[in-house]
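One structure is given here, and the rest of the page talks about it.
The values are calculated or read from the model by the stated rules, or taken from the named source; none is laboratory data. All figures in this text were calculated on a predicted structure; none of them were measured in a lab. Cβ placement follows ideal geometry from the backbone for every residue including glycine, while neighbour counts extend to all protein chains displayed. Calculation scope for accessible area: heavy atoms of the full protein, side chains included, ligands and nucleic acids excluded. Shrake-Rupley method; radii C 1.70, N 1.55, O 1.52, S 1.80 Å.
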Amino acid sequence: MKKIAILGSTGSIGTQTLDIVREQGDIRVTALAAGGNIALLERQIREFGPALVSVWEEEKAKELRIKTKDLHVRVVSGMDGLLEVAAEPESEILVTAIVGMLGIRPTIAAIRAKKAIALANKETLVTAGHIIMPMAAEYQVPILPVDSEHSAIFQSIQGAGGNPIEKILLTASGGPFRGKTLAELEQIQVEDALKHPNWNMGKKITIDSSTMVNKGLEVMEAKWLFGVEPKQIQVLVHPQSVVHSAVEYEDGAVIAQLGVPDMRLPIQYALYYPKRRGLSGKRLDLFETANLSFEKPDMEVFRGLALAYEAMRRGGNIPTAFNAANERAVALFLDRKIRYLDIPETIAACMEHTAFVKHPDVEEILQTERETYEYIDTIYENK
């Protein structure tokens, strides 16, 4: 019986993780953490019976305590609550599925408690990879990627016998605006950007996919996960989303992982690694797929991807500025306060404005985040 804790249980990755728990029947959920959807969280508590639950706001935690007073569950809140869930004594694996740099401190706490990390929080490695990866090595804790692309790379290096990676081929669907010009993107509205052609995801990541900022975050994450340099990571636009990513070795061999677009597969692979389990759902039919196509990404139209490579090359706290600027800009766009193309413009401005710190610690990372948010407020306060 595996025992897991989940950060972000009411989000897309969290709910699909619980789908796997429900289907497999040999995983016990010991702790859950969620943002503000306490109606869904209460249903999860009643179904899966965790002993510990965290809600971000104390007021909502109080409300949940009343709703679950008939159950044997302890409800905590805030960052202290997240840290408690991350290090919950009974769990073996922590699924980190919360969005943003909020995931850094809980991930560190889990590593110190020697929990395996099923990582679905890109921002943790994007901003703090230089801290997280050496710490995971020190504590001998596996970092098991949950993103479909990173899981595909991880699967493609199994059995490599220690042979070095020549190149990572990181695939991207291209999102809903593949092939469009900058002029066409001028009029994009929120509803347009939320229509992803292949994947069913949360709002923020769907917008990130449309701008290709998400792919930029994945490039930065891949650098830390697989110990490669920026020049070794090549992004390929692959509209069918069948090849989830591939690895090229020094002899020219390319090994890829293929499958239908279903996030449950990489989640389940991380939970049961190195074993595979049966999984319900559609199977890949190459006769039905017929054609697989690949294109170079347009770095001028999708400037967010180019800015990600720049942030990765500059290093230090610049990836934090990139990530924080994108988070705030996407939130402003979803609130219809800025235009679609203001997102990459905001990222570029914040990267330029940020005072460089070469080896930021956690507090300096979070300070960069705060300063980036403050700078964005000054940019748009009169608009």
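When the surface is traced with a 1.4 Å probe over the full set of protein chains, Ile188 keeps roughly 20 Å² accessible. The equivalent ellipsoid of the stretch 248-343 has semi-axes of 33, 20, 18 Å, largest first, where each one is the square root of 5 times an eigenvalue of the Cα gyration tensor. Computed from the Cβ-Cβ distance with R0 of 35 Å, the FRET efficiency linking Lys3 to Glu59 stands at 0.70.
If you roll a 1.4 Å probe over the heavy atoms of the protein chains, what accessible area per residue do you get for the stretch 107-155, in Å²? It would help to have the intermediate numbers written out before the result.
Values: 1370 Å² over 49 residues.
Value for the stretch 107-155: 28 Å² per residue.
When you restrict to C-alpha pairs under 8 Å that are six or more residues apart and normalise by the size of the stretch 1-81, the relative contact order lands at 27 percent.
For the chain, rounded, prolate or oblate, judged on the Cα gyration tensor with a ≥ b ≥ c (square roots of eigenvalues), a/c < 1.5 rounded, else prolate if a/b > b/c?
Working: a/c = 1.42, a/b = 1.14, b/c = 1.24.
Note, shape of the chain comes out rounded.
Using a probe of 1.4 Å, the accessible surface attributed to Phe302 totals some 10 Å² when neighbouring protein chains are kept in position.
Helix-only estimate, please: 222 nm mean residue ellipticity of the chain, summing -39500 (n - 2.57) across DSSP H runs of length 4 or more and dividing by its residues, to the nearest 500. Intermediate results must be reported in sequence, preceding the final value.
Working: 17 runs with 182 residues, N = 383.
It comes out at -14500 deg cm²/dmol, rounded to the nearest 500.
In percent, rounded to a whole number, the relative contact order of the stretch 293-379 is 34, using alpha-carbon pairs under 8 Å and six or more apart. Rolling a 1.4 angstrom probe over the chain with all protein chains present gives an accessible area of which 50% lies on carbon and sulfur atoms.
Would you mind computing the Rg to Rh ratio of the stretch 123-178 from its alpha-carbon coordinates, Kirkwood style for Rh? Please report the intermediate quantities before stating the final value.
Numbers: Rg = 14.0 Å, Rh = 13.6 Å.
Here the Rg-to-Rh quotient is 1.03.
Using a 1.4 angstrom probe, figure out how much accessible area the stretch 162-266 has per residue, in square angstrom, rounded to the nearest whole.
Details: 4340 Å² over 105 residues.
The answer is 41 Å² per residue.
Just the number, please: Stokes-Einstein D of the stretch 329-383 in µm²/s, Kirkwood Rh from C-alpha pairs, 37 °C, 0.692 mPa s. D, rounded to a whole number, is 272 µm²/s.
Between Glu166 and Glu288, how high is the FRET efficiency from 1/(1 + (r/R0)^6) when r is the Cβ-Cβ distance and R₀ = 25 Å? Nearest 0.05. Using R0 = 25 Å, I get an efficiency of 0.20.
The separation of the stretch 215-230 from the stretch 94-109, counted between C-alpha centres, amounts to 18 Å. Under 5 Å between amide hydrogens, built in the peptide plane, is the criterion, and for Lys3 it picks out Arg28, Glu92, Ile93 among residues at least 5 positions away or on other chains. Can you bin the stretch 290-383 into rounded, prolate or oblate? Criterion: square roots of the alpha carbon gyration tensor eigenvalues sorted a ≥ b ≥ c, rounded for a/c under 1.5, prolate for a/b above b/c, oblate for the rest. Cα axes put the stretch 290-383 in the oblate bin.
Would you rank Trp224, Trp56 by solvent-accessible area, highest first, keeping every protein chain in place and using a 1.4 Å probe?
Numbers: Trp224 80, Trp56 110 Å².
From most exposed to least exposed: Trp56, Trp224.
With contacts taken as Cα pairs under 8 Å at a separation of at least 6 residues, the chain carries a relative contact order of 14 percent.
Counting only protein chain heavy atoms and rolling a 1.4 Å probe, the accessible areas of Arg112, Arg22 rank, largest first, as Arg112, Arg22. Residues Asp251, Asp298, sorted by accessible area with the largest first, give Asp251, Asp298 [1.4 Å probe; ligands and nucleic acids excluded]. How far is the Cα center of the stretch 137-169 from the Cα center of the stretch 263-335, in Å? The stretch 137-169 and the stretch 263-335 have Cα centres separated by 15 Å.
Taking the average, over residues, of other Cβ atoms within 10 Å as the packing measure, peptides 168-178, 240-250, 330-340 rank 168-178, 240-250, 330-340 from highest down.
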